[in-house]
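The values are calculated or read from the model by the stated rules, or taken from the named source; none is laboratory data. Just so it is clear, the structure is predicted and the values come from calculations on it, not from any experiment. Here the Cβ positions follow ideal geometry from the backbone for every residue, glycine too, while neighbour counts run over all protein chains shown.
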Number of protein chains: 2
Amino acid sequence: MLVKKVKPVPTDIEIAQAAELKPIIEIAESIGLTEDDLDYYGKYKAKIHLDVLKKFADRPLGKYIDVTAITPTPLGEGKTVTTIGLSQGLHYIGKNVMTVIRQPSQGPTFGIKGGAAGGGYSQVVPMEDFNLHLTGDIHAVGAAHNLLAAAIDNRMAKEGRWSTSFLAKALCPDDEYTPSMVKRLKKLNIDSAKPSDLTVDDRERMFRLNIDPYSIQWRRVVDVSDASLRNIIIGRGTVTDGSPRETGYDIAVASEIMAALAMCSDLADLRGRMGRIIIGTSKKGGGRTARAVEPITAEDLNVAGAMTVLLKDAIMPNLMQTLAGSPAIVHCGPFANIAQGNSSIIADKIALRIADYVVTESGFGADCGMEKFMNLKCRVSGLAPDCVVLVSTVRALKMHGGGPKVVAGRPLGKAYTEENLELLEKGLPNLLQHIENALKFGVPVVVAINRFKDDTDAEVELIRKRATETGASGVAASSVWMDGDEGGAELARAVVAACEKPGKFKVLYPDEMSIKEKIETVAREIYRADGVDYTPEAEAKIKLFTDMGLSHLPLCMAKTHLSFSHDPKLKGTPRGWRLPITDVRASVGAGFLFPLCGTMRTMPGLPTRPAFTDVDIDLDTGTVLGLF
Amino acid sequence: MLVKKVKPVPTDIEIAQAAELKPIIEIAESIGLTEDDLDYYGKYKAKIHLDVLKKFADRPLGKYIDVTAITPTPLGEGKTVTTIGLSQGLHYIGKNVMTVIRQPSQGPTFGIKGGAAGGGYSQVVPMEDFNLHLTGDIHAVGAAHNLLAAAIDNRMAKEGRWSTSFLAKALCPDDEYTPSMVKRLKKLNIDSAKPSDLTVDDRERMFRLNIDPYSIQWRRVVDVSDASLRNIIIGRGTVTDGSPRETGYDIAVASEIMAALAMCSDLADLRGRMGRIIIGTSKKGGGRTARAVEPITAEDLNVAGAMTVLLKDAIMPNLMQTLAGSPAIVHCGPFANIAQGNSSIIADKIALRIADYVVTESGFGADCGMEKFMNLKCRVSGLAPDCVVLVSTVRALKMHGGGPKVVAGRPLGKAYTEENLELLEKGLPNLLQHIENALKFGVPVVVAINRFKDDTDAEVELIRKRATETGASGVAASSVWMDGDEGGAELARAVVAACEKPGKFKVLYPDEMSIKEKIETVAREIYRADGVDYTPEAEAKIKLFTDMGLSHLPLCMAKTHLSFSHDPKLKGTPRGWRLPITDVRASVGAGFLFPLCGTMRTMPGLPTRPAFTDVDIDLDTGTVLGLF
């Protein structure tokens, strides 16, 4: 460990700041990377060049471990702490390991949640850098996202003011098409060498996008929790300020661009994804001649190239270190409900070529994050996981069993601090159902019990017994928060053993299944719904996307993480319910459809006392205070 | 030069990409910096630690040169090109030189203007990094700015919903004040050790800020030219989304935080400035008891510490290089109308301790940028400039003399491409008045004629004669765009000679002058107005700021840069006019008052064909295309 362990365990930031970090070049060299493979960002962060994938192409892939959890409760399970702690544990038992986790949004860091670099003696450091800016990737996503947004409103404003012949001349002053415009010509099936060749009708189709303002799905983003931006009216003022319309802001990590960045395989793939982003449609029958409704893409707005240029550094994963001095990659942080909630494919691919064991984490509970890890991320990457680690705590299982409500600021009730095998037994089905689900993907499961001081041996044994009966390959208690690398050794050994088991990874549905069949497969197999109900809007969208040739895309289910069902109040393992699909949307740039099971919040708010209240800087030392 | 010169001169990006850059550590070592003084950001950029100021504290200051220009015309003067070219020229004649320039906004880069890294064979490289993200400083400014904005609306929403006793308990759950809260207690003259001690009235004053929504000056920012965000309504939706109110977005570089960052001397100073930012006032007589209107600061919102933490890396200047392989610092880019339009004081201080010659640039013409460089930036820094370089072109002076309008895309008229001494003579007073103005500050002036191929020797001689008669220490033609370092040698020699002249720098007005006297001094001495007229609103603000004890602050005049007067149509040297002051605002965090002489645009728009249209990435090489 890079820091001496003391009891009682100090605050996260105190531990992180007490650690004596290794220069990042030492971390890099420990895994076979040289200075030429890196771009330094200060002494303790570096971006990894994508060509290391070529350099290590012949090296066999490491073991691929996905850390997920039972259905979250207000008590928390310590999933990130366990992810980092497991890596530290693997390092402790002498394995060549790499952690790959998401970069957190600054919104929650300064809002409700605080930092996300792990905690206690299981952290990625420097934790200030991890939680703030890092190397600017989220800012780059925001810049690209908002450039596209500006391009949309600007194009609508200009089309509203100018004739098509003026637009054509302004867009092609030298009577030449840009490569983007050539793509649009192809999409429109127009054969033309130069703009002046176009017929009046073709010029109209080519240069007047005729965007329907009510169809626009593309909102703006900011990496701040700012509830007052959820619903806004823009374009007030005078004619040069555009036309008023309703729209809003999402948190930057909810951007489709973040999802696409995490999903892409290289710069060329990313460029294609940016071009395919659909921002809305053209107006029905508008313009000089009646035209069919057309999906309008970033390519049509000639801005996908500039968006990719803004992301050319963000595509490179960021190398950091754990408190055990083992390497950690931090890359991308797509939202876990409307997007895949997993770190990037590129980062995993690099890690698997460099390390023997790669530990990554999926957002939310296993019904959300792990299902997307398998059906979405691994489907696209072609990588096969070797082990699922399911994090649970005795107290959270008791809550699933019907334990009393927990009130912030008040001490935990006796149900949680004293042995209660009956309550635990009632809550266990939640864990067991997640185990069953993971096994459906053909991947061995290890249950990690993030152990607290009040948990009794009998309680741990009960979990071990039931989990093993259900098919878990291993069950291990861990105390990585308090004990760091050592506290993860037992879990590490269980994971190493599970990775040796022959797995036969499979996704739950094939690409060619219909959209409805895909939704129903996930609903029945993972959520255990009796069936699925669709609103008329969802039905219409399913037909539209099928007609548009998008039904081959995998799903990214937008469902609450607080229950197996769509109702956050239903704990444990709900039975006898049907899943309502209220709408279906397409993130074509990211490469998935997302069925909505209820309303998803894409812009967090701030509490009365936001986390920023405690954050300050020590003016003598420059040290950051109050991040947690 | 790092690149072989060819004719005809290729595009800026072609030249920049053909250059064989030195690793940034070589550039650093050439000026006495070591790896320990730097944080690398990739191979060709590094942040410089502020403690180099201590390391070099005993080294004498270098010569301090401010590059400014005549009143801008649509023809452009090549001020940045000359700034970089002069540095390259000083390097060429064997001087130890450092360029210090502003980081440009991505808004214009993708909008109307294109990049700002210089041009031709006078550039700061890598130009892609210079124009995009750089090391994330503007993003950090945006993050801090928008965090404060979210804090304002969140606080208003929470105060609207909760009782004061609830607010007090939520803000101080452990019945303890944070350091920020202690500052507010002091401001309110309340003596209290813990919140539970407060009287009902004091609790109300302490925890209910009672912000008047109509008083809020703090808008939001984004680094994208997005006209549709100029005027918006936020807070629509439900109670958790806040209350609807009108506000808007500015371009990120127009943020008061950018101005404060460029003005601060260290992290402690920056922390103080963040706390002093006034976002608006409390309501008149609102709340339980009648209260006086109180300016509400970022400190009152407990967010100034977190804002500073977000800026802890942005405060460090960025080291890059010119095409001549000489060092360049790029740091901060405050708007040139509502802010000071000059790079940071910290960067200049570091450069002056490291280099023998420091060349920096002021935004807009000399009546705007140079006046602020002198009266504002040098006043605050205590540094004295040794030379002013006034950039002008023959063609721009002809336009000031009444030359015909120039239409984009059409060839220049004969007035500009053929010798016309009469027209030039008519336009010369604009240059001469700028020379006179610079001399009022007690600083020697060198006129740089950025020479174009059609300029005749007789025209250059006429400028030389008149400028010398008016008091210029030197006049030199330069051809740095085409000839790089060599093309700046003559100018460099003239600047070296001027720097040897004894200067006696003075600011135009003392701190203790009244606000109106300061305005009138600048209006008469620099703009040559006959007097100043104030709107009732401006009168009221002057009284308010005087009552608030802010009249000691220097001014940052918000005037058009397109004329000496407030009317952009008046070229040359307008006479017989009065300056109207429509409003006065306070940027207390940045440390100045800004009188408005007309409407200032703080959010640019996009043209019909934005610059992003040409930007793309070469998918084989990863090279950026189409930036200019």
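Observations
- Near pairs, Cβ below 8 angstrom, 6+ apart or cross-chain, from the stretch B:191-212 (assigned by TED's automatic domain parsing to the domain that holds residue B:281 and closer than 16 Å to residue B:282 by Cα) to any residue that is in a helix (DSSP H, G or I) and among the charged types (D, E, K, R): B:206/B:184; B:208/B:159; B:209/B:155; B:209/B:159; B:210/B:159; B:211/B:155; B:211/B:159
- Boolean, residue A:599 is of a type in the set (Ser, Thr, Tyr) and within 21 Å of residue B:180 (Cβ to Cβ): no
- Options A:134, A:61: the member that is within 30 Å of residue A:496 (Cβ to Cβ), modelled with pLDDT of 95 or more and hydrophobic (A, V, I, L, M, F, W, C): A:61
- Sole residue being aliphatic (A, V, I, L, M), within 27 Å of residue B:303 (Cα to Cα) and touching a residue at least 40 places away in the same chain (Cβ under 8 Å), chosen from A:138, A:93: A:138
- A single member of B:140, B:144 is touching a helix residue (DSSP H, G or I) at 6+ places or on another chain (Cβ under 6 Å), more than 20 Å from residue B:208 (Cβ to Cβ), modelled with pLDDT of 95 or more and facing chain A (nearest Cβ under 7 Å), and it is B:140.
- Test: residue in the stretch B:84-103 that is modelled with pLDDT under 95 and within 19 Å of the chain's Cα centre (by Cα): no
- Test: residue in the stretch A:559-569 that is surrounded by fewer than 18 Cβ atoms within 10 Å (Cβ to Cβ), more than 21 Å from residue A:340 (Cβ to Cβ) and either modelled with pLDDT of 95 or more or not assigned by TED's automatic domain parsing to the domain that holds residue A:440 (or both): yes
- Within the stretch B:31-48, residues that are without any contact (Cβ under 8 Å) to a residue 24 or more places away in the chain reach partners that are among the charged types (D, E, K, R) with beta carbons closer than 8 Å, at six or more positions or on different chains, in the pairs B:37/B:51; B:37/B:55; B:40/A:39; B:43/A:39.
- Hits in the stretch A:4-27 - residues which are in a helix (DSSP H, G or I), under 19 Å from residue A:329 (Cα atoms) and touching a strand residue (DSSP E or B) at 6+ places or on another chain (Cβ under 6 Å): A:16, A:24, A:27
- The set of residues from the stretch A:424-458 being in a helix (DSSP H, G or I) and either buried (at least 22 other Cβ atoms within 10 Å of the Cβ) or in contact with a Ser or Thr (Cβ under 6 Å, 6 or more places away or on another chain) (or both) comprises A:424, A:427, A:428, A:429, A:430, A:431, A:432, A:433, A:434, A:435, A:437, A:438.
- Pick from the stretch B:197-225, criterion of a type in the set (D, E, K, R) and touching a strand residue (DSSP E or B) at 6+ places or on another chain (Cβ under 7 Å), ranking: farthest from residue B:175 (Cα to Cα): B:223
- Tally of residues being loosely packed, with under 14 Cβ neighbours inside 10 Å, assigned to a loop (DSSP other than H, G, I, E, B) and within 12 Å of chain A (Cβ to nearest Cβ) across the stretch B:152-181: 4
- Of all the residues in the stretch A:205-246, those that are among the β-branched types (Val, Ile, Thr) and surrounded by fewer than 22 Cβ atoms within 10 Å (Cβ to Cβ) number 5.
- Looking only at the stretch B:518-531, residues that are assigned to a helix (DSSP H, G or I) and touching a Phe, Trp or Tyr at 6+ places or on another chain (Cβ under 7 Å) come to 3 in all.
- Checked against (1) surrounded by 22 or more Cβ atoms within 10 Å (Cβ to Cβ); (2) closer than 23 Å to residue A:467 by Cα, residue A:508 meets all criteria but (1).
- Single match in A:497, A:540 (criterion: part of a helix (DSSP H, G or I), free of Cβ contacts under 8 Å to residues at least 40 places away in the same chain, surrounded by fewer than 15 Cβ atoms within 10 Å (Cβ to Cβ) and hydrophobic (A, V, I, L, M, F, W, C)): A:540
- Members of the stretch A:26-46 that are under 28 Å from the mean Cα position of the chain (by Cα) and among the β-branched types (Val, Ile, Thr): A:27, A:31
- For the criterion of being of a type in the set (Lys, Arg), in a helix (DSSP H, G or I) and over 40 Å from the mean Cα position of the chain (by Cα), residue B:184 fails.
- Selection from the stretch B:568-613 of residues that are within 14 Å of chain A (Cβ to nearest Cβ) and charged (D, E, K, R): B:601, B:609
- Residue within the stretch B:100-114 that is away from chain A (no Cβ under 11 Å), touching a Phe, Trp or Tyr at 6+ places or on another chain (Cβ under 9 Å) and at positive phi present: yes
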